[in-house]
């Protein structure tokens with residue numbers, strides 16, 4: 001698998017992930033094992049302080065038949081949490097402070113703002129952008145105003161930084177000049 | 001119920017004539033027949049809160065308007081709310097104060113000030129959102145109550161006109177004893193002619209002349225759909241119907257009812273829940289007694305041609321049983337056979353007739369050959385799975401009909417022929433009667449004899465998908 005991986009300062013990326021194409025991880029980002037990142041339609045840039053949990057798929061591909069298009073960079077902001085088995089497919093952009101709950105699916109050409117919560121199991125396929133501070137929940141993907149900023153429990157990140165390296169092999173930067 | 005049991009292809013016809021799936025049916029051990037939820041009477045046992053499991057008496061539940069006093073529901077997605085805490089320092093010198101708010105873990109709704117102020121105690125005493133028209137509604141309810149009372153009284157007065165000369169029954173009927181007692185003490189008398197029921201006066205609703213006009217930009221403003229409550233949310237609180245999602249209030253959780261079911265014919269309990277536990281005292285469901293039928297193999301059905309069909313029968317009861325098959329006779333389908341009864345049965349009351357059995361209308365689209373003779377099915381044995389030496393006697397089986405046999409399961413071969421004029425993509429409906437041996441393991445007070453066995457006929461309808 002041809003891949004160029006750039007790992008930022010303090011980021012933890014488990015070895016057992018599938019990467020295709022050019023992917024960069026921002027500082028303090030935590031990637032659990034079993035994650036699939038496919039950057040065929042251009043590089044994926046993952047910001048700082050993100051947590052990507054097990055079996056998350058971030059797929060950045062061209063539509064079938066449009067393989068020769070201009071490559072586009074997929075930018076994912078900072079402080080996002082992708083919970084177990086959430087799938088991101090062909091999203092145009094993702095802002096900061098979002099939570100993608102378990103088994104949620106976000107479809108093509110959708111842009112997601114800041115401070116959003118995509119509820120567990122929500123299947124979003126429309127292309128109308130999700131504005132800042134929206135909460136999507138339920139089987140009909142009802143969008144309503146979120147009353148509080150999504151937050152991760154305080155100790156969670158510290159807990160992961162302590163625990164992950166003791167049970168999993170971590171990926172290191174191939175190029176020693178950059179980062180770490 | 002587990003979804004695998006919902007094979008819509010096989011339905012049984014209840015005694016009352018309705019087609020039901022086996023998991024939806026009950027089995028009355030006293031009438032020894034199937035009962036569905038229409039031929040049992042439903043009785044309210046207890047009311048309880050589905051979240052905190054507090055049991056309430058019916059009067060208490062009525063007083064609280066069938067809602068739990070302590071559990072709250074999210075007004076946005078109707079899941080149970082949980083309480084969260086944070087600490088804040090109201091004044092710089094005082095120690096920090098712990099405050100509580102409500103949070104829905106599913107849709108992230110949270111109670112927010114100023115609508116619902118944060119509370120200093122975890123149990124909350126969360127403010128109840130008062131309906132501004134509460135007083136008026138109460139007035140109306142009281143008024144209608146008094147009207148019904150008056151109507152009842154008038155009716156009674158009319159009915160008691162021709163009673164002959166014996167007035168003794170009036171003593172109790174109109175509480176004459178109480179009236180005499182009042183007279184003795186010197187209180188004024190009750191009005192017995194109904195005039196005493198003063199229907200409280202209510203002011204009729206009045207139409208207002210000057211209705212405030214809509215603002216000019218009502219139709220021009222761009223709607224923010226995120227802020228507007230959905231119909232579901234509005235219907236959850238019909239008295240308030242907040243339009244803005246900011247005005248939603250937590251809803252008190254609805255109470256649920258545990259109901260016990262009673263056979264309408266013999267008046268024995270069919271299902272009875274246990275008080276204060278998620279268990280049942282009595283639970284006579286059909287799939288504990290009746291062999292479960294499942295299709296395991298079906299050759300493609302062709303119009304006018306015989307094809308084989310393999311059904312698996314599984315005996316769920318602890319006693320071995322035997323089944324016998326019979327073709328479904330459409331002419332005799334509506335004849336209800338005499339209620340079966342065990343010897344020495346202790347009757348609560350004389351068996352009643354079901355109100356009105358529904359005539360079964362069934363159209364069969366084919367012919368079926370059922371296995372002949374009696375086929376025995378072994379009892380269910382939970383340890384059989386781990387026992388390799390568990391051999392089943394297959395000597396008496398006719399290999400023409402018995403496909404295989406294992407533990408309490410047996411696979412039987414049927415032959416099916418759809419009609420010549422069967423349409424494309426139409427299901428082939430077929431039927432047969434299964435008689436199964438029900439052995440009564442109940443201990444009878446009067447007659448503690450050997451367990452008795454009764455043959456119970458059950459009409460089965462197959463709905464086979466058609467393939468061309």
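The values are calculated or read from the model by the stated rules, or taken from the named source; none is laboratory data. A quick note: this is a predicted structure, and the numbers were derived from the prediction, not measured. A quick note on method: Cβ atoms are made from the backbone with ideal geometry, for glycine too, and the neighbour counts reach across all protein chains shown.
The table for this structure:
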quantity	calculated
Residue check for residue B:89: more than 14 Å from every other protein chain (Cβ to nearest Cβ), over 23 Å from residue B:280 (Cα atoms) and without any contact (Cβ under 8 Å) to a residue 60 or more places away in the chain	yes
Criterion violated by residue B:229 - all others in (1) modelled with pLDDT of 85 or more; (2) exposed (fewer than 13 other Cβ atoms within 10 Å of the Cβ); (3) within 14 Å of chain A (Cβ to nearest Cβ) satisfied	(2)
Pairs with Cβ under 8 Å, 6+ apart, first in region B:100-129 and more than 19 Å from residue B:78 (Cα to Cα) and within 13 Å of chain A (Cβ to nearest Cβ), second assigned to a loop (DSSP other than H, G, I, E, B) and modelled with pLDDT of 75 or more	B:118/B:111
Test: residue in region B:442-462 that is modelled with pLDDT of 80 or more and farther than 22 Å from residue B:27 by Cα	no
Enumeration of residues in region A:141-165 that are in contact with a strand residue (DSSP E or B) (Cβ under 9 Å, 6 or more places away or on another chain), more than 7 Å from chain B (Cβ to nearest Cβ) and over 23 Å from residue A:92 (Cβ atoms)	A:151, A:152, A:156, A:157, A:160, A:161, A:164, A:165
Per-region count, region B:239-259, residues out of contact with any helix residue (DSSP H, G or I) (no Cβ under 9 Å at 6 or more places or on another chain), at pLDDT 85 or above and closer than 21 Å to residue B:81 by Cβ	6
Members of region A:116-140 that are surrounded by fewer than 18 Cβ atoms within 10 Å (Cβ to Cβ), in contact with a strand residue (DSSP E or B) (Cβ under 7 Å, 6 or more places away or on another chain) and either within 17 Å of residue B:107 (Cβ to Cβ) or at the interface with chain B (Cβ under 10 Å from one of its Cβ atoms) (or both)	A:123
Tabulated pairs, region A:53-74, first free of Cβ contacts under 8 Å to residues at least 24 places away in the same chain, second buried (at least 18 other Cβ atoms within 10 Å of the Cβ), C-beta under 8 angstrom, 6+ apart or interchain	A:62/A:41
Breaking point among (1) more than 21 Å from residue A:12 (Cα to Cα); (2) without any contact (Cβ under 8 Å) to a residue 60 or more places away in the chain; (3) out of contact with any helix residue (DSSP H, G or I) (no Cβ under 9 Å at 6 or more places or on another chain), for residue A:159	(1)
Tally, over region B:70-95, of residues that are surrounded by fewer than 15 Cβ atoms within 10 Å (Cβ to Cβ) and within 32 Å of the chain's Cα centre (by Cα)	2
Matching entry among A:106, A:81 (being surrounded by 18 or more Cβ atoms within 10 Å (Cβ to Cβ), more than 14 Å from chain B (Cβ to nearest Cβ) and under 22 Å from residue A:17 (Cα atoms))	A:106
Of the criteria (1) within 11 Å of the chain's Cα centre (by Cα); (2) buried (at least 18 other Cβ atoms within 10 Å of the Cβ), which one residue A:89 fails	(2)
Any hit, region B:282-292, residues being in contact (Cβ under 8 Å) with a residue 12 or more places away in the chain, closer than 30 Å to residue B:371 by Cβ, assigned to a strand (DSSP E or B) and out of contact with any helix residue (DSSP H, G or I) (no Cβ under 8 Å at 6 or more places or on another chain)	no
